[in-house]
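The next block holds one structure in the form of structure tokens; read it before the comments.
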Amino acid sequence: LSEEQLQAYRNLWEKADKDLAESAYDIIYEGDIKNLDAAAKGEYTEPVYDKYKKVPLRVMSYNVKHCAGNKDGLNLPRTAEAIAAQHADVVALQEVDSMFSSRSDYKYQIKELAEATGMYGIFCSALPGYGIGILCKEMPLSIKAVSLTADGEPRRMLMAEFDNYVFASLHVGLSANARRGTGPIIKAAAEEWVEKGKPLIIAGDFNDDGTDEEMQ
């Protein structure tokens, strides 16, 4: 390999090591392994972001309420059908249960929703067995979890970088204090991408009807 190819391999190895340290979701490992394999053969090239490239994008945000049905009990297939019907490229999910929640029969809901919709799924816990997620048609280049202001329970924002944009899913706390504290955190996280030039879309449950001064 040339020195340039070796450096690309070193950079990818450092990224994979960082992803592992940050407990990144398995689809990121899948991408890391694929890229490392290509780099070892001298076939990897760094992706180049073209800020002039316009890509149609359909986004969706959905508070799934642990995939509860209209009546008592769970109805995960119904939730998956509602998502699939929108034909979104990327979906922000809130109130998703994982395998540690008894009310959802210990099912890994993000995985089942991903399989049912034919998308990739990323889960970010706020509490053990409960949190937010992203469904996406394209495998992310990187992901990052950001802690937001808590109001009795932890709150998070999950950010996923794609070829031509960055997408964030969040669930803001109910209290005015949580909204007031979360605004600057969102702004700081957004400014990192403003500097890099990639468009950022933030979606989710803001617990705000648009009239609250805190989020303004």
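Once region 188-216 is narrowed to residues that are closer than 12 Å to LEU148 by Cβ and either among the β-branched types (Val, Ile, Thr) or assigned to a helix (DSSP H, G or I) (or both), the residue that is farthest from the chain's Cα centre (by Cα) is ALA188.
If you go through region 130-145 one residue at a time, do you hit one that is among the small types (Gly, Ala, Ser) and out of contact with any strand residue (DSSP E or B) (no Cβ under 9 Å at 6 or more places or on another chain)? The answer is no, given that none of the residues of region 130-145 is among the small types (Gly, Ala, Ser) and out of contact with any strand residue (DSSP E or B) (no Cβ under 9 Å at 6 or more places or on another chain). When region 27-48 is filtered for residues that are open to solvent by less than 60 Å² (accessible area, probe 1.4 Å) and of a type outside the set (S, T, N, Q), the ones remaining, listed by number, are ILE27, ILE28, GLY31, ASP32, LEU36, ALA38, ALA39, ALA40, GLY42, TYR44. Among all residues of region 125-132, there is none that is part of a helix (DSSP H, G or I) and surrounded by fewer than 21 Cβ atoms within 10 Å (Cβ to Cβ). The sole residue among ALA160, ALA126 that is in contact with a strand residue (DSSP E or B) (Cβ under 6 Å, 6 or more places away or on another chain) and within 23 Å of ALA16 (Cβ to Cβ) is ALA160. Kindly check whether there is at least one residue in region 142-161 that is in contact with a Gly (Cβ under 7 Å, 6 or more places away or on another chain), more than 21 Å from ILE122 (Cα to Cα) and small (Gly, Ala, Ser). Yes, region 142-161 has at least one match. Scanning region 2-26 for residues that are crowded, with 17+ Cβ neighbours inside 10 Å and within 22 Å of the chain's Cα centre (by Cα), which turns out nearest to PRO47 (Cα to Cα)? This residue is LEU12. Across region 75-122, the number of residues qualifying as touching a Ser or Thr at 6+ places or on another chain (Cβ under 6 Å) and either β-branched (Val, Ile, Thr) or assigned to a strand (DSSP E or B) (or both) comes to 3.
The values are calculated or read from the model by the stated rules, or taken from the named source; none is laboratory data. As the structure is a prediction and not an experimental result, all values here were calculated from the model. Neighbour counts are summed over all protein chains in view; Cβ atoms, including those assigned to glycine, are modelled from backbone coordinates with ideal geometry. Keep in mind that these areas ignore ligands, DNA and RNA; they rest on the heavy atoms of the full protein, side chains included. Shrake-Rupley method; radii C 1.70, N 1.55, O 1.52, S 1.80 Å.
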